[in-house]
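Sharing a structure, written as structure tokens. Questions coming.
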Amino acid sequence: MQKKTAFVLACALLTAATAPARAAGQAGAAAETLPPGATVIEAHQLEMLLDRKLRAIGDAEITQDGSTLRGDRIHYNFINDELHVIGNAQLEQDGNLLTGTELRIRLKEREGEMQQPVFVIRKTPAQAVTAEAGGGGWPRGSSRGDASLLVFEGPHRERLHDARYTTCEVGVDDWYLRAGELELNHHSKTGTARHARIEFKGVPILYTPWIDFPFEKQRKSGFLAPSFGTTTRGGVELALPYYWNIAPNMDATIVPRVLSKRGMQIMGEYRYLGENYSGEDSIEFLPNDSQADRDRWFARIQHRHDFGNGWSGRLNLERVSDDQYFSDLSTNITITSRVNLPQEGYLNYTGEVWNFSAMAQQFQTLDGVSYPYERLPQLTLTGHKDWGLAIGNLYTQWSSFERADGAPVSTEIVPGSVLTTSVSGHRFVAHPSVSLPLERSYGYITPRLGLHYTHYSLDDTPFVLNSVSGEYRSDSRALPIFSLDGGLYFDRDFRVVKNRYTQTLEPRLFYVYIPYRDQSRLPVFDTAEADLNLDTLFSENQFSGNDRINDANQFSLAVTTRLIDQRTGIQRLAATVGQRFYFNDRQVTLPGGKARTDNSSEIVAALTARLLTHWDADIAWLYDTHDDRTSKANIGARYNPEPGKVLNLGYRYTRERLEQIDISTEWPLGRNWSALARWNYSLAEDRPVEGLLGAEYNAGCWQARTVLQRVETATADANYAFFFQLELDGMASIGTSPLSLLKRSIPGYQSSTLISDPMAR
């Protein structure tokens with residue numbers, strides 16, 4: 001084999017902008033010790049003609065600063081600064097490779113052309129291989145393309161004729177972006193394609209005569225990929241989003257959406273971000289819905305503002321044209337189940353000792369039943385001070401409660417009701433307290449003494465209670481509250497097979513005393529009875545809100561044990577069981593409620609397990625010892641051995657109200673297929689709540705997802721929706737994306753795109 005000759009020039013024949021693609025090839029050993037900007041030229045034969053021309057003949061190679069240019073023959077003209085590569089032209093730079101039959105370029109102006117260019121672009125330089133791999137050895141994840149001609153038009157611009165681009169591996173031609181002409185601007189990081197189309201399996205699926213796009217993920221105005229799907233209420237749907245990059249801190253998305261059964265809907269979202277504020281505004285408008293025969297719309301305004309010096313504000317306004325809007329035009333159960341839309345504003349102050357908030361709030365009610373009170377306004381002032389030995393807290397609040405528009409006005413309190421809307425007025429609350437926490441390594445004890453004062457100033461409103469006429473009164477209530485909270489810590493070493501754990505035992509005792517006051521003639525604005533759980537077991541008041549303060553002479557007892565892995569510090573198991581015991585009968589109730597005379601509450605139990613077998617379990621249980629039956633149970637288990645494999649099992653039960661099973665899974669079926677499913681079924685009502693069935697296919701450079709969903713709505717019959725999405729890696733997503741639906745419906749779901757590309761997670 002003929003030995004190569006090396007020639008070193010202290011001038012730069014190559015620049016980083018010589019080609020749009022760069023690759024980390026094997027530079028010569030001599031280049032490793034060269035100063036920046038120096039160039040190494042290697043070939044079987046080197047010729048210098050009168051200091052005007054340089055010829056490198058036979059496996060010619062030029063290396064500079066990690067860039068390598070190769071060809072059968074390389075000619076360089078010093079006078080006009082022109083480089084000419086003849087035969088098998090290759091340029092490697094930063095993990096990328098550009099090849100062609102011939103390259104001619106004026107280096108200083110960066111003007112020239114390459115015949116039959118083929119390029120391969122790596123995602124990360126660390127994954128690059130040498131050019132000797134011949135293209136087919138490039139690892140998975142590279143993008144590639146070719147053209148009939150590449151024209152260099154200056155320092156930052158190239159133009160490709162008859163160009164193709166794909167992210168599929170060499171030898172896999174499942175999809176291509178084809179363009180009659182493709183212009184790349186490296187200064188603005190944008191591309192412009194003319195007569196562009198996307199071909200999938202040889203079939204054109206999208207065409208546009210002109211499109212411009214960013215190629216480094218920066219924001220740019222333009223049309224996004226269309227989405228399509230179908231629902232039983234809307235029919236076939238087609239949407240074509242347009243993204244408007246208004247300013248660096250401001251953008252908008254405008255989406256025309258065609259529903260075959262209803263007409264043309266326009267949706268818009270406007271986002272802005274400032275140094276001290278941010279917000280998102282949305283509007284949807286469907287003129288003359290052909291099914292409902294009226295205009296329909298939804299509007300939302302959300303704004304957050306930091307005024308400085310501890311002051312901040314927030315605005316949240318939502319409203320729809322009619323009660324059936326969400327059930328007819330949405331497929332998300334968390335949206336279709338909404339019955340109250342807020343219109344609220346907040347002003348907050350946060351300091352070291354004092355916190356203040358002002359709120360104005362009202363609602364639009366969609367179900368004709370649930371009418372919360374309007375708070376116009378509500379002012380809250382709290383304080384917290386730690387004196388070392390003692391801690392002081394102050395809670396004060398003044399609220400003005402008004403009836404909601406359309407709320408029924410009743411003069412009779414219905415037994416079992418939580419909120420009554422037959423009275424309006426003002427309420428002032430003051431609750432100062434002081435506590436004395438005493439803590440040691442083995443335990444703690446915290447006595448606390450407070451006074452809860454409430455004053456009502458009401459409109460005179462008659463009512464009937466147990467057939468006795470009367471009226472709510474403008475009255476005051478003052479109740480002292482004493483509580484004592486204490487607990488101990490015990491621990492020991494514990495071994496299971498070869499694993500060592502720390503096992504803890506944590507008993508806790510909580511005592512509360514509150515004297516009885518007759519509160520039957522005080523209204524109920526925002527108060528309900530709190531569910532018994534491990535949090536409320538250790539609360540002073542069993543009611544949420546300030547309209548009722550329970551009488552109490554009681555204590556709660558609970559024991560918790562934990563298993564903590566000594567090697568990793570992970571809590572593998574936590575179990576708690578507790579119960580509340582009463583010394584006196586409880587007389588304070590909500591309107592229509594009955595006093596309770598039992599001497600103990602239900603037993604509360606909870607278990608959390610994070611097992612080494614990839615099983616996780618969470619169990620909450622409420623057992624009524626007086627009736628010897630379960631009052632409430634929530635059981636959840638998850639098996640997640642690896643990303644892309646998850647099985648969720650759930651059971652929810654509330655006596656005389658709810659009983660549901662919930663099963664969901666994402667599971668591989670082999671040969672790049674995964675099954676997706678969820679079944680949420682109400683045993684109490686003997687009907688499904690939500691169902692989902694789908695499949696996902698990952699071909700490496702593209703993924704396809706199809707999902708069929710059935711969802712019950714709060715204000716109408718069930719709705720069916722069909723989603724299909726074709727995702728082309730690095731290019732476009734075509735169809736209606738079901739990803740947000742899958743993440744909500746299948747806890748632990750991960751798309752196959754993230755699983756196959758860990759760098760994208």
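The values are calculated or read from the model by the stated rules, or taken from the named source; none is laboratory data. Computed from a predicted structure; not experimentally measured. Don't worry about glycine lacking a Cβ; one is built from the backbone with ideal geometry, like all the others, and counts go over all protein chains shown. Remember, those area values only see protein heavy atoms, side chains included, never the ligands or the DNA or RNA. Shrake-Rupley method; radii C 1.70, N 1.55, O 1.52, S 1.80 Å.
How many residues does region 194-226 contain that are at pLDDT below 85 and open to solvent by less than 80 Å² (accessible area, probe 1.4 Å)?
So the answer is 13.
Taking the condition of being of a type in the set (Asp, Glu), touching a residue at least 24 places away in the same chain (Cβ under 8 Å) and in a strand (DSSP E or B), how many residues in region 64-109 meet it?
Going through region 64-109 one residue at a time, the tally reaches 2.
Consider residue 740 against the criteria (1) assigned to a strand (DSSP E or B); (2) under 21 Å from the mean Cα position of the chain (by Cα): it satisfies all of them except one. Which criterion is unmet?
Here residue 740 clears every test but (1).
Quick grid of which residues meet (1) polar (S, T, N, Q); (2) open to solvent by less than 60 Å² (accessible area, probe 1.4 Å); (3) farther than 24 Å from residue 144 by Cβ:
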{"position": "65", "(1), (2), (3)": "no, no, yes"}
{"position": "77", "(1), (2), (3)": "yes, yes, yes"}
{"position": "83", "(1), (2), (3)": "no, yes, yes"}
{"position": "91", "(1), (2), (3)": "no, yes, no"}
{"position": "101", "(1), (2), (3)": "yes, no, no"}
{"position": "107", "(1), (2), (3)": "no, yes, yes"}
{"position": "110", "(1), (2), (3)": "no, yes, no"}
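Answer with yes or no whether residue 566 is at pLDDT below 95 and under 30 Å from residue 653 (Cβ atoms).
Answer is no for this residue.
Now, a different point. So how many residues does region 447-464 have that are modelled with pLDDT of 95 or more and of a type in the set (A, V, I, L, M)?
Residues flagged as modelled with pLDDT of 95 or more and of a type in the set (A, V, I, L, M) within region 447-464 amount to 2.
Another question, if that's okay. Across region 602-614, which residue is modelled with the lowest pLDDT among those that are open to solvent by 60 Å² or more (accessible area, probe 1.4 Å) and in a loop (DSSP other than H, G, I, E, B)?
Looking at residues that are open to solvent by 60 Å² or more (accessible area, probe 1.4 Å) and in a loop (DSSP other than H, G, I, E, B), I get 612.
Can you tell me which of (1) at pLDDT 90 or above; (2) surrounded by fewer than 16 Cβ atoms within 10 Å (Cβ to Cβ); (3) of a type outside the set (Ser, Thr, Tyr); (4) in contact with a Lys or Arg (Cβ under 7 Å, 6 or more places away or on another chain) is the one residue 675 doesn't meet?
(4) is the only condition that residue 675 fails.
I'd like to know if region 468-479 contains one or more residues that are at pLDDT 95 or above and surrounded by 15 or more Cβ atoms within 10 Å (Cβ to Cβ).
yes
Starting from region 194-214, take each residue that is at positive phi and list its partners that are surrounded by 13 or more Cβ atoms within 10 Å (Cβ to Cβ) and part of a strand (DSSP E or B), counting only C-beta distances under 6 angstrom and pairs at least six apart or across chains.
Pairs found: 195/180.
Taking the conditions exactly as written (open to solvent by 30 Å² or more (accessible area, probe 1.4 Å) and either in a loop (DSSP other than H, G, I, E, B) or closer than 30 Å to residue 171 by Cβ (or both)), does residue 727 satisfy them or not?
It is true that residue 727 is open to solvent by 30 Å² or more (accessible area, probe 1.4 Å) and either in a loop (DSSP other than H, G, I, E, B) or closer than 30 Å to residue 171 by Cβ (or both).
Okay, moving on. Of a type in the set (Lys, Arg), part of a loop (DSSP other than H, G, I, E, B) and more than 30 Å from residue 162 (Cα to Cα): is that true of residue 261 in this structure?
Answer is yes for this residue.
Something else: Can you name the residue in region 324-377 that is in a strand (DSSP E or B) and modelled with pLDDT under 90 and is also nearest to the chain's Cα centre (by Cα) among such residues?
Once the filter is applied, the top-ranked residue is 340.
Considering each of 733, 745, 682 in turn, give the residue that is closer than 24 Å to residue 233 by Cα, in contact (Cβ under 8 Å) with a residue 24 or more places away in the chain and under 21 Å from the mean Cα position of the chain (by Cα).
745
Follow-up. Here are the criteria: (1) surrounded by 15 or more Cβ atoms within 10 Å (Cβ to Cβ); (2) closer than 20 Å to residue 478 by Cα; (3) not charged (D, E, K, R). Tell me which single one residue 515 does not satisfy.
Of (1) surrounded by 15 or more Cβ atoms within 10 Å (Cβ to Cβ); (2) closer than 20 Å to residue 478 by Cα; (3) not charged (D, E, K, R), only one is false for residue 515: (1).
Check region 237-257 and report whether any residue there is at pLDDT below 80, polar (S, T, N, Q), open to solvent by 30 Å² or more (accessible area, probe 1.4 Å) and not in a strand (DSSP E or B).
no
If you take the residues of region 563-590 that are within 31 Å of the chain's Cα centre (by Cα) and open to solvent by 70 Å² or more (accessible area, probe 1.4 Å), which of them is farthest from residue 606 (Cα to Cα)?
570
From 183, 158, which residue is acidic (Asp, Glu), within 21 Å of residue 81 (Cβ to Cβ), in a strand (DSSP E or B) and at pLDDT 80 or above?
Of 183, 158, the one residue that is acidic (Asp, Glu), within 21 Å of residue 81 (Cβ to Cβ), in a strand (DSSP E or B) and at pLDDT 80 or above is 158.
A follow-up question, please. Out of all the residues in region 643-658, which are surrounded by 17 or more Cβ atoms within 10 Å (Cβ to Cβ) and over 28 Å from the mean Cα position of the chain (by Cα)?
653
Being assigned to a strand (DSSP E or B) and not hydrophobic (A, V, I, L, M, F, W, C) is the filter here; which residues of region 264-279 pass it?
Selection gives 265, 268, 269, 270, 271, 272, 277, 278, 279.
Among the candidates 640, 599, single out the residue that is in contact with a strand residue (DSSP E or B) (Cβ under 8 Å, 6 or more places away or on another chain) and crowded, with 16+ Cβ neighbours inside 10 Å.
Only one candidate passes the filter, namely 640.
Which of the numbered conditions does residue 537 fail, given that it passes all the others? Conditions: (1) surrounded by 17 or more Cβ atoms within 10 Å (Cβ to Cβ); (2) of a type outside the set (D, E, K, R); (3) in a strand (DSSP E or B).
(3)
Another question, if that's okay. Test each condition in (1) in a strand (DSSP E or B); (2) farther than 25 Å from residue 632 by Cβ for residue 581 and report the one that comes out false.
(2)
When you go through (1) open to solvent by 30 Å² or more (accessible area, probe 1.4 Å); (2) touching a His at 6+ places or on another chain (Cβ under 6 Å) one by one for residue 549, which number turns out not to apply?
Of (1) open to solvent by 30 Å² or more (accessible area, probe 1.4 Å); (2) touching a His at 6+ places or on another chain (Cβ under 6 Å), only one is false for residue 549: (1).
Criterion first (assigned to a loop (DSSP other than H, G, I, E, B) and free of Cβ contacts under 8 Å to residues at least 12 places away in the same chain) does residue 627 satisfy it?
yes
Look through region 280-294, keep the residues that are in contact with a Lys or Arg (Cβ under 9 Å, 6 or more places away or on another chain) and outside any strand (DSSP E or B), and return whichever of them is nearest to residue 318 (Cα to Cα).
That would be 292.
Identify, please: which residue in region 483-512 is farther than 30 Å from residue 653 by Cβ and of a type in the set (D, E, K, R) and is, among those, surrounded by the most Cβ atoms within 10 Å (Cβ to Cβ)?
Ranking the candidates gives 485 first.
Scan region 137-155 for residues that are modelled with pLDDT under 85 and either under 16 Å from residue 98 (Cβ atoms) or not small (Gly, Ala, Ser) (or both) and report the count.
Residues meeting the conditions: 6.
Oh, and also: How many of the residues in region 691-703 are buried (at least 18 other Cβ atoms within 10 Å of the Cβ) and either in a strand (DSSP E or B) or of a type in the set (A, V, I, L, M) (or both)?
Residues flagged as buried (at least 18 other Cβ atoms within 10 Å of the Cβ) and either in a strand (DSSP E or B) or of a type in the set (A, V, I, L, M) (or both) within region 691-703 amount to 7.
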